[in-house]
Amino acid sequence: MRIEIRIAGFGGQGIIRTGLMTATAACVFEDKNAVQTQSYGPESRGGRCRSEVIISDEEIDYPKVERPDILIIMSQEAYNEYVDALKEGGLLLVDPDMVPNQRKDLNVKVYEVPATRIAEELGKKIVANVVMLGALTAITKIVDEEAMRKSILRNIPKGTEKLNLMAFERGLEYGKALLKMEG
């Protein structure tokens, strides 16, 4: 099994940290191989950025994502740039509030997760990435829920544990509800 994931949005959304948490959950808290790479513009906030993660049961011989199996999109600009790279039949997790203009002609499974809105309900828009991680974990099961919780706790600033775990749980619930609606 080799799963390629691309997470994209803009600086300040925690895109890079989302990739780090995903890779950490897989390789530190589960017995999988993982590699994470990142790319971002010169701006610290507001510029385009992406994080890529490969998770595999076998050795990873090439660390770059070419055609992601899973695409997580947190901005319209990222959607416009990366949606065509998603493998046919792949999985797209998208924040509909941040990506209002979506194509209907894609041959992929789309899950709309209003991560930013859910994070705002929790009082801090900055945890939208962790909401999305919860949804990713529920929908894909690429890593165990507990492995992701441990990874989140390892990769967040001290004093934000309660908020981040609440964000993860809300995303997890939302993802499970989406799956339940599918029947």
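Some observations on this one:
- Residues T18, T160, arranged from fewest to most other Cβ atoms within 10 angstrom of their Cβ, appear as T160, T18.
- Using a cutoff of 8 angstrom between alpha carbon atoms and counting only pairs six or more residues apart, the relative contact order for the chain works out to 21 percent.
- Helix-only mean residue ellipticity at 222 nm for the chain, each DSSP H run of n ≥ 4 adding -39500 (n - 2.57), per residue, nearest 500: -12500 deg cm²/dmol
- Stretchable slack from K176 to V108, in nm (0.36 nm times residue separation minus alpha-carbon distance): 22.6 nm
- Stokes-Einstein, applied to the Kirkwood radius of the chain over Cα pairs at a viscosity of 1.567 mPa s and 4 °C, places its translational diffusion at 81 µm² s⁻¹.
- Radius 9 Å from Cβ of I7, net charge of other residues (Lys, Arg +1; Asp, Glu -1): +1
- For R117 and T140, a Förster radius of 22 Å and the Cβ-Cβ distance give a FRET efficiency of 0.55, rounded to the nearest 0.05.
- The residues neighbouring F168, those whose beta-carbon lies less than 9 Å from its own, together hold a net charge of 0 under the Lys/Arg +1, Asp/Glu -1 convention.
- E66-R2 pseudo-label distance in nm [points 7 Å out on the Cα-to-Cβ vector]: 0.8
- Efficiency of FRET from Cβ geometry, D84 and L153, R₀ 25 Å, rounded to 0.05: 0.10
- Exposure proxy ranking for V65, V28, based on other Cβ atoms within 10 angstrom of each Cβ and starting from the fewest, stands as V28, V65.
- 3J(HN,Hα) from dihedral phi, the stretch 166-183, Karplus parametrisation 6.51/-1.76/1.60, rounded to Hz, x for glycine, proline: 4, 4, 4, 4, 5, x, 4, 4, 5, x, 5, 5, 4, 5, 5, 5, 6, x
- Summing Lys and Arg as +1 and Asp and Glu as -1 over all other residues whose Cβ lies under 14 Å from the Cβ of I70 gives a net charge of +2.
- The number of Lys pairs in the stretch 2-182 with C-alpha atoms less than 19 Å apart, excluding pairs fewer than 8 positions apart on the same chain, is 19.
- In nm, spacing of pseudo-spin labels at K162 and K124 (7 Å Cα→C-beta vector): 1.1
Since every read-out is calculated from the coordinates, none of them should be taken as a lab result. None of the values given here were measured: they were computed from a predicted structure. Positions of Cβ are backbone-derived with ideal geometry, glycine not excepted, and every protein chain shown enters the neighbour counts.
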